[in-house]
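Working notes, beginning with the structure itself.
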Amino acid sequence: AAPYQVEPFVIPIGPLQITGFGLAVLAAFAIAQVIVVRELARRGHAVHAHAAQDVVMAALVGTLVGGKVYFAVLNRDLSALLSRSGYVFWGGFMGSVLFCWLFIRYRKLVFARYADVAGIAIAGGYAVGRTGCWNVGDDYG
């Protein structure tokens, strides 16, 4: 038996549940967007900051899709695609890069410019988003 039990942070709203994990992921992507916009402006590319929120949205969708697909493939279980659990970091990272690359190509922007500031945004977002795991009683120790 575990030496302690963690009660996950959950706000029920009708049939929906707002969890600490979901709030942390939301905060992570919000912080990542602020970092991307500010860093592009600092580097003299403020003209490219206009697309930052769309690129970050592509990253968010890619993260969710990639994390679930990777989890389902690893577990050889397609029903995992519809479960609440199973967001895998590496799948989310690969999905995010793929969706961002596709979106940036579609908008005819410079991928390297966004990728260069993405490293800083990923580190900032990951630091905040990871706290969501603790909020739902996961990844202790």
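The values are calculated or read from the model by the stated rules, or taken from the named source; none is laboratory data. Here the structure is a predicted model, which is why all the values come from computation and not from measurement. Here the Cβ is made from the backbone with ideal geometry for all residues, glycine too, and neighbour counts use every protein chain on show. Heads up: the accessible areas ignore ligands, DNA and RNA and are worked out on the full protein's heavy atoms, side chains in. Shrake-Rupley method; radii C 1.70, N 1.55, O 1.52, S 1.80 Å.
For Ile18, which sequence-distant residues (separation of 5 or more, or a different chain) have an amide H within less than 5 Å of its own amide H, given hydrogens modelled in the peptide plane?
The answer is Ile11, Ile13.
Determine how large the accessible area of Trp90 is when every protein chain is in place; take a 1.4 Å probe and give Å² rounded to the nearest 10.
150 Å²
Can you send over the carbon and sulfur percentage of the accessible area for the chain, probe radius 1.4 Å, protein chains only?
66 percent
P(r) tail for the range 64-109, what percent of Cα pairs lie past 18 Å? Let's see the in-between values first.
Values: 352 of 1035 pairs.
That fraction is 34 percent.
Starting with the highest mean, order 114-123, 46-55 by the number of other Cβ atoms within 10 Å, averaged over the residues of each peptide.
Values: 114-123: 17.6, 46-55: 15.9.
Sorting 114-123, 46-55 by mean packing, highest first, produces 114-123, 46-55.
Give me the 1.4 Å probe accessible area per residue for the chain, excluding ligands and nucleic acids, in Å². Intermediate values should be presented prior to the final figure.
Values: 9180 Å² over 141 residues.
I get 65 Å² per residue for this part.
So, in nm, how far is label Ala80 from label Met57 when the simple model puts each one 7 Å beyond its Cα toward the Cβ?
About 3.0 nm separates the two model spin labels.
What accessible area, in Å² to the nearest ten, does a 1.4 Å probe give for Ser79?
Around 80 Å² of this residue is reachable by solvent.
Tell me, what ³J(HN,Hα) does each residue in the range 20-31 have, in order and in whole Hz, if you take phi through Karplus 6.51 cos²θ - 1.76 cosθ + 1.60 with θ = phi - 60° and put x for Gly and Pro?
Result, rounded to whole Hz: x, 5, x, 5, 5, 5, 4, 5, 4, 6, 5, 5.
Mean-square fluctuation check for the chain, GNM, Cα pairs under 10 Å: which of Phe93, Phe29, Phe111 is largest?
Highest fluctuation among the options: Phe111.
Calculate one ³J(HN,Hα) per residue across the range 97-110 by plugging θ = phi - 60° into the Karplus curve 6.51 cos²θ - 1.76 cosθ + 1.60, and present them in order as whole Hz with x for glycine and proline.
Listing the rounded values in order: 4, 4, 5, 5, 4, 4, 5, 5, 5, 4, 7, 6, 9, 9 Hz.
Got a sec to turn the phi values of the range 47-56 into Karplus ³J(HN,Hα) couplings, 6.51 cos²θ - 1.76 cosθ + 1.60 with θ = phi - 60°, whole Hz, x for Gly and Pro?
4, 8, 5, 4, 8, 4, 5, 6, 5, 5
Could you give the angle, 0 to 90 degrees to the nearest 10, between helix 111-129's Cα long axis and the longest principal axis of the Cα atoms of the chain?
Compared with the principal axis, the helix lies near 30 degrees.
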